[in-house]
Structures are given as structure tokens and as C-alpha cells.
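Asker: Handing you this structure, nothing more for now.
The values are calculated or read from the model by the stated rules, or taken from the named source; none is laboratory data. A quick note: this is a predicted structure, and the numbers were derived from the prediction, not measured. As a convention, Cβ positions derive from the backbone with ideal geometry for all residues, glycine included, and neighbour counts pool all protein chains shown.
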Amino acid sequence: MTPDQRTAYIDRLPKAELHLHIEGSLEPEMLFALAQRNHVDIPFASVEDIRNAYNFSNLQDFLDIYYQGMAVLLKAQDFYDLTWAYLERAHDDHVRHVEIFFDPQGHTERGVPFADVITGISDALADGEKQWGITSRLILCFLRHLDEAAAQATLDEALPYLDRIAGVGLDSSEMGHPPSKFANVFARAQLLGLKLVAHAGEEGPPEYVHEALDVLHVDRIDHGNRAMEDSALVTRLAGEGMTLTVCPLSNLKLCVIGDIADSPVKQMLDSGLKATVNSDDPAYFGGYVNANFHAIASALDLSREQLRTLARNSFTGSFLPPDQIAHLLAEIDHYDAHFAG
């Protein structure tokens, strides 16, 4: 394919997004508007000031502004509007299914009721399915810089809403907070019938990926870049068909990689790993899912077959039932067969 053909192919390629923090889709314009609507004082005089503040060079600096931005999210309507704005962009990118992370601890510690957070998000997801046919799953993330007791308390709060929650995850500052720190709450979540995912191997070592597999018994690894440093681990991940939710522009923005050409996606595919492409926190990292596809497709010279594989992996790695996965895979095949670049 020519570069223009590849761009056109990506634009309309059916895909799922499996690694998206809904709070990380808070664009500067919405942050500023919600601050005014909710009468929240923020240290920014304009949208441009906020956009300038979105420049950072490591995970902790990002998290500082990320949590600062959360302060404007106070009511169920705010979470609805945030989620709806993301879904509009996902629809434009031909995303057919989303699995969205949310961080209730970042809200309940500010006095925002858990019920308002999940109601706003889940109502928008339901409306997105009605309007565009975008299916979804909601994943509750525990903040790993807090202790396991806080995670257990959050799971307690979630119990009345388990019909809306598909799984639990683990995010925030990775270094110094190994997956094993949350062994008990993950075991409890598994007993409740929830799916399990965890951020591992983004900044943390390959050992964190091992712990996510062997201690937390996760169904999916979020990021997983540093697994590539351990050949035995790579062989294991490939053999088990473990899905990795890679976030190229996030990796670049946080200096996990020095250049987009250093993204491990192609190496993962060549190693038989089930890699997917996702946007992570797109408002902060410079692009939604198609922008991530475009960035690595160009930098790594990905073939049409490799792009199709990444899209197929996003569906087979999802928590959808087999019949829906089969339907979406058929949609990819139909698109690919009839693509006229």
C-alpha cells in the first residue's frame, strides 16, 4: 500500500479500543468549561494555559496534572458529557467496541458519590450503543499508589453496581507498587466473577508482568512493553495468547520510548504476541486510537496484514462473547475484501 492508501485503510478499519482511561479523555476545552459550570477554581486562565500544562515528560508529572484535571468532575452529568465526547471521537475512528477504565478513588476521595460517577459513565455508554452501535465494557481501576485496604473499600462501594462493571484493573504510579500489593482484592474480584487486567511493564520491570500473571491471574496485560526484555516471558505470553494493550503515543509522551519508531508493536507481532493499539489518555498524549494507528503504521512501515491483525486482536482480546466477536471479525474481513485504496 502507498502511504495514502494505508491512511485510508486505517481510517475506516473496524476496531476495538481496550485501553482507555475515561478521565484521560478530558480535553482542555471541556476541562475549562466544566470548571466554569461547576464554579471550580483552577490554576489556568484559559484553554491555552491548560493545553500548555499538558506538556510533561514522565508518568508522575502526567499524573499530577491528570488528578488536578479531575477536580472539575463533580456531577453525574459531567461524567456523562465526558464519556459522550469520547464516544463521538471513537465513532469517528470507526471504533466498534470500547472497554473503558474509570478511577472511582480519584473522585470519591473528593466527595463525589460513587453512584454519580458510574451512572454518568454507564448512561453515556448505553446511549452510545443506541446511537452508533458501539458496544462497551466498564473496568474499575484501583489506584496502585494507595493501599490495598483502599482498593477493598472501593470494591465494597462497587458491589451494588456489578451489573454495570465487567472487570477490575490496576493503574497509576507503577514503580514501587508491584501487582502483588493487590493480590487479595484481585482474588476477591475474581470470586465475584469480574475480569482482571493490570498495568504492568510500562515503567515497571518484567517481574511486574510475571506478578500480574502469577499473583493476580490477569486475563489481559495493559502496556507490557518491558516484557520484551525477557525472552522466556515473551514465549509464555505468546503461548498463552495473552492480549497486550499497547499505547504508542502514550509511550512516546511519557518517554517510555525515545521515538515512535521504537514502539514494540511490530516486534510483538513478529514474536507471535497478541498486541493491540490503544490511546490510553488521548487528551494528554496527542491522539485517539486512529492517530496511534497512523503513527506506528508510518514509523514501523506496517503492512495491511499487520494492521488487520491488530484490529482482529482488539476484538479477540476483548471481553465480548464469542458470537459478537465472530460478527466483528466478519466485519473486518468484509471491509478488507472490499477496500479500494
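Asker: Quick one: in the range 20-70, which of the residues that are surrounded by fewer than 15 Cβ atoms within 10 Å (Cβ to Cβ) and of a type in the set (S, T, Y) is nearest to I118 (Cα to Cα)?
Answerer: S46
Asker: What about A326, is it closer than 28 Å to D4 by Cα, assigned to a helix (DSSP H, G or I) and out of contact with any Pro (no Cβ under 7 Å at 6 or more places or on another chain)? Break it down into steps so the answer makes sense when it comes.
Answerer: Values: closer than 28 Å to D4 by Cα: no; assigned to a helix (DSSP H, G or I): yes; out of contact with any Pro (no Cβ under 7 Å at 6 or more places or on another chain): yes.
Here the answer is no, as A326 does not meet what is asked.
Asker: Can I ask one more? Name the pairs: first residue in the range 159-184 and farther than 30 Å from D61 by Cα, second residue of a type in the set (A, V, I, L, M) and loosely packed, with under 15 Cβ neighbours inside 10 Å, Cβ to Cβ under 7 Å, at least 6 apart or on different chains?
Answerer: L162/L192
Asker: Criterion first (under 15 Å from L140 (Cβ atoms) and within 17 Å of the chain's Cα centre (by Cα)) does A189 satisfy it?
Answerer: For A189, the condition - under 15 Å from L140 (Cβ atoms) and within 17 Å of the chain's Cα centre (by Cα) - is not met.
Asker: Looking only at the range 139-168, filter to residues that are within 23 Å of E17 (Cα to Cα) and charged (D, E, K, R); which one of those is surrounded by the fewest Cβ atoms within 10 Å (Cβ to Cβ)?
Answerer: The selected residue is D163.
Asker: Continuing with this model, one more query. Could you tell me which of the residues Q306, Q267 is under 22 Å from D11 (Cβ atoms) and either in contact (Cβ under 8 Å) with a residue 12 or more places away in the chain or polar (S, T, N, Q) (or both)? Break it down into steps so the answer makes sense when it comes.
Answerer: Details: Q267 fails: under 22 Å from D11 (Cβ atoms).
Step by step, each of Q306, Q267 is checked, and only Q306 is under 22 Å from D11 (Cβ atoms) and either in contact (Cβ under 8 Å) with a residue 12 or more places away in the chain or polar (S, T, N, Q) (or both).
Asker: If you don't mind, another one. Could you please find all residues in the range 1-35 being among the hydrophobic types (A, V, I, L, M, F, W, C) and either part of a helix (DSSP H, G or I) or without any contact (Cβ under 8 Å) to a residue 60 or more places away in the chain (or both)? I'd like the intermediate steps shown before the answer.
Answerer: Step one: filter the range 1-35 for residues among the hydrophobic types (A, V, I, L, M, F, W, C), giving 1, 8, 10, 13, 16, 18, 20, 22, 26, 30-35.
A8, I10, I22, M30, L31, F32, A33, L34, A35 - these are the residues of the range 1-35 that are among the hydrophobic types (A, V, I, L, M, F, W, C) and either part of a helix (DSSP H, G or I) or without any contact (Cβ under 8 Å) to a residue 60 or more places away in the chain (or both).
Asker: With under 15 Å from F114 (Cα atoms) and not hydroxyl-bearing (S, T, Y) as the only criterion, which of L191, L159, L170 stands out? Before the answer, list the steps.
Answerer: Details: L191 fails: under 15 Å from F114 (Cα atoms); L170 fails: under 15 Å from F114 (Cα atoms).
Answer to the check: L159.
Asker: Within the range 302-324, is even one residue farther than 24 Å from V168 by Cα and among the aromatic types (F, W, Y)?
Answerer: First, the residues of the range 302-324 that are farther than 24 Å from V168 by Cα: 302-309.
Next, from what is left, pick out any that are among the aromatic types (F, W, Y): none.
No, that holds for no residue.
Asker: Further question on the same structure: Among N38, N52, N58, which is the only one that is without any contact (Cβ under 8 Å) to a residue 12 or more places away in the chain and either under 30 Å from L196 (Cβ atoms) or out of contact with any Ser or Thr (no Cβ under 9 Å at 6 or more places or on another chain) (or both)?
Answerer: That would be N52, the only listed residue that is without any contact (Cβ under 8 Å) to a residue 12 or more places away in the chain and either under 30 Å from L196 (Cβ atoms) or out of contact with any Ser or Thr (no Cβ under 9 Å at 6 or more places or on another chain) (or both).
Asker: Looking at S180, S136, which one is under 18 Å from E23 (Cα atoms), modelled with pLDDT of 95 or more and polar (S, T, N, Q)?
Answerer: Values: S180 fails: under 18 Å from E23 (Cα atoms).
Going through S180, S136 in turn, just one is under 18 Å from E23 (Cα atoms), modelled with pLDDT of 95 or more and polar (S, T, N, Q): S136.
Asker: State the number of residues belonging to the range 259-314 that are part of a helix (DSSP H, G or I) and under 14 Å from the mean Cα position of the chain (by Cα). Explain how you work it out, then say what you get.
Answerer: Restricting attention to the range 259-314, the residues satisfying the condition of being part of a helix (DSSP H, G or I) are 260-262, 265-270, 282-285, 289-299, 304-314.
After this cut, where a residue has to be under 14 Å from the mean Cα position of the chain (by Cα) as well, the list is 282-285, 289-290, 292, 314.
Count: 8.
Asker: Among the residues of the range 1-19, which ones are among the hydroxyl-bearing types (S, T, Y) and loosely packed, with under 15 Cβ neighbours inside 10 Å? Working first, answer last.
Answerer: The first filter runs over the range 1-19 and keeps only residues among the hydroxyl-bearing types (S, T, Y), leaving 2, 7, 9.
Answer for the range 1-19, where residues must be among the hydroxyl-bearing types (S, T, Y) and loosely packed, with under 15 Cβ neighbours inside 10 Å: just T2.
Asker: Right, something else. Based on this model, can you work out whether N290 counts as closer than 17 Å to R89 by Cα, polar (S, T, N, Q) and buried (at least 18 other Cβ atoms within 10 Å of the Cβ)? Before the answer, list the steps.
Answerer: On the way: closer than 17 Å to R89 by Cα: yes; polar (S, T, N, Q): yes; buried (at least 18 other Cβ atoms within 10 Å of the Cβ): yes.
Criteria met by N290.
Asker: Name the residue that is modelled with the lowest pLDDT, counting only residues in the range 152-177 that are under 21 Å from the mean Cα position of the chain (by Cα) and closer than 14 Å to G204 by Cα.
Answerer: Step by step, filter the range 152-177, then rank; the result is S173.
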